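Colleague: Shown below is the structure under consideration.
No value in this document is a laboratory result; all are computed from the given coordinates. This structure is a prediction, so every number in the text was calculated from the model and none was measured. No Cβ is skipped: glycine too gets one built from the backbone with ideal geometry, and neighbour counts run over all protein chains shown.
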Amino acid sequence: MSEAVNIRILDREYTVGVDPDERDSLLSAARLLETKMREVRGSNRMAAIDRVTVLAALNLAHELEQLRNENILRDREIARTLVELNHRIDTLSSAD
């Protein structure tokens, strides 16, 4: 069952429905978005909110894409290492 959670981003309040077990994650995401939007806005307090929002979203999407790419590379390296280890095990087993 969803519960209403109030979050505040750039001095604006939003009410969001969320499952109780996802509440902490939502609040963490809201803090991250708030931080990113404040970084984008910087000292220009007159910056258009839609521009700040799009640039913050673009920055977060870019970071997500980088993490996905890093995970793909890591998964490939793990798979390669497992193949090597299995080959060594097979080699040692056949030597007996």
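Colleague: Using the Cα centre as the reference, give the magnitude of the dipole from point charges on the C-beta atoms of the chain (Lys, Arg: +1; Asp, Glu: -1; all else neutral), rounded to the nearest 20 debye. All intermediate terms of the calculation are to be shown ahead of the outcome.
Modeller: Values: 14 positive and 18 negative charges, 124 e Å.
For this selection, approximately 600 debye.
Colleague: With Kirkwood radius over Cα pairs in Å defined as stated, name the option among (i) 13.7; (ii) 17.2; (iii) 14.0 computed from the structure displayed.
Modeller: (ii)
Colleague: Looking at Thr91, Leu10, Gln66, which one has the Cα that reaches farthest to the positive end of the dipole of the stretch 3-95 (charges on Cβ: Lys, Arg +1; Asp, Glu -1)?
Modeller: Ranked along the dipole, the leading option is Leu10.
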